[in-house]
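Read the structure below first, then the notes.
The values are calculated or read from the model by the stated rules, or taken from the named source; none is laboratory data. All values reported here derive from a predicted model rather than from experimental measurement. With ideal geometry, Cβ positions are generated from the backbone for all residues, glycine too; neighbour counts draw on all protein chains shown. Remember, those area values only see protein heavy atoms, side chains included, never the ligands or the DNA or RNA. Shrake-Rupley method; radii C 1.70, N 1.55, O 1.52, S 1.80 Å.
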Amino acid sequence: MAKRDFYEVLGVGRDATDADIKKAYRRLAMKLHPDRNPGDPEMEGKFKEAKEAYEVLKDSQKRAAYDQFGHAGLGQGAPGGFGGADAFSDLFGDVFGDIFGTGRRGGRNQVFRGADFRYELELSLEQAVNGDSVNIEIPSQVACELCKGSGAAPGTQPVRCQTCSGAGSMRVQQGFFSIQQTCRACQGAGQRIETPCRDCSGRGRVRRNRTLAVKVPAGVDNGDRIRLAREGEPGRNGGPSGDLYVDIGVQAHPIFARDGQDLRCEVPVSFATAALGGSIDVPTLDGQVALKVPAETQSGNVFRLRGKGVRSVRSTGVGDLFCHVQIETPVHLTEEQKTMLRRFDESVSGGGARHNPRARTWFDGVRKFFERMGA
């Protein structure tokens, strides 16, 4: 049977980049891999075909020859089947390492990135709105002073791992696969500690808390996250440190409630001020401002103070402050005040809907409701 075109096998065009070719092969390999299709000779054949196409097209010289002369340009050197256990192991580690946990890195050169840390930072509303610099304490791993980071007790040294002969990895044969795996005995270090350090228990590092200054930008809100690169757990064998993610939480404020870029607050207004109108002092994050209350203001009315809200960390504009009026009922009245209030109420009630339009409308609605129910 004539071989199919390698570009057709991988499902890419002839102008495909190296990244396109590798991506296409990864997709096919994960679908056709014999471990995912045990006992299926058709899938195994397609896997070999895709692997052969990839080995040619990933090599610039082989690809150039193939583009010019086709399969004939590859001659006897064209890869057929698996091309030997070592070659396949390298390819397997490159393509499937992230799937099955194998890879070509091993021994003393194997490095590990440190873990990421997460810290929950609670801020006051003022800190979140205006920004701040906050010191936090985070756990950290530092080199053990007793063993100088070697992990071995003073006067001793790590010894060569006998399981992997110091390579840090071992080649395991699984059917027609030859897989390179990290040595389980030494965890890829290539050496073992027979007499661990008493302070670090052979880890070479001990836990310490360190203080870190976190610069909080102005305008952050609940759920925002600040990333501090390389401030997480240190890596192993020279690997990069992880990152520190600071999750922001804003404490409840006794006066203001935040709604995005806007602030809201309840403003108590006396009965007389609401009826006659007046001016009251309202707090803002920038200081007090005068709020003009028009006559005949009702409880629940909302007044907007423009530009007295918050400047979001994601926007250049500033929100507004919404003042929700709550008319305050007088308490602890004297007998004289009660008498005056009764007289006032009688005077207002005599005016009917002129003084109490909402009450008259409500009572009319109630009356009509019961009339309908009676009908």
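With a Förster radius of 25 Å applied to the beta-carbon distance between Phe303 and Asn356, the computed FRET efficiency rounds to 0.60. Between His253 and Ala64, residue separation times 0.36 nm minus the direct Cα-Cα distance comes to 61.2 nm. Across all Cα pairs in the range 161-270, the calculated P(r) in 5 Å bins from zero up to the longest distance comes to 2, 8, 10, 11, 11, 9, 8, 8, 7, 6, 5, 4, 4, 2, 1, 1, 1, 0 percent per bin. When each of the peptides 258-270, 291-303 is scored by the mean number of other C-beta atoms lying within 10 Å of its residues, the order from highest to lowest reads 258-270, 291-303. Stokes-Einstein at 37 °C, 0.692 mPa s, Kirkwood radius from Cα pairs: D for the range 118-207 in µm² s⁻¹? Diffusion coefficient, whole number: 197 µm²/s. Computed over protein heavy atoms with a 1.4 Å probe, the accessible surface of the range 190-290 works out to 58 Å² per residue. Value of Rg to Rh for the range 252-375, rounded to two decimals, is 1.12; Kirkwood radius and Rg both from alpha-carbon coordinates. Of all DSSP bridge pairs formed entirely within the range 261-328, close to 60 percent run antiparallel. Given their separation in residues at 0.36 nm each and the Cα-Cα distance between them, Arg14 and Thr156 gain 45.1 nm when the chain is fully extended. Amide H contacts under 5 Å for Asp132: Val216, restricted to partners 5 or more places along the chain or on a different chain, H placed in the peptide plane at 1.01 Å from N.
Each residue of the range 194-201 is assigned a 3J(HN,Hα), and the resulting list reads 7, 10, x, 5, 6, 7, 10, 6 Hz, derived from the Karplus form 6.51 cos²θ - 1.76 cosθ + 1.60 (θ = phi - 60°), x at Gly and Pro.
Remark: for residue pairs Lys292/Lys338; Lys3/Lys51; Lys31/Lys62; Lys215/Lys308; Lys23/Lys51, the C-alpha separation exceeds 22 Å in Lys292/Lys338; Lys31/Lys62; Lys215/Lys308.
Close amide H pairs (under 5 Å, H built 1.01 Å from N) link Val313 with Val220, residues at least 5 positions away or on another chain.
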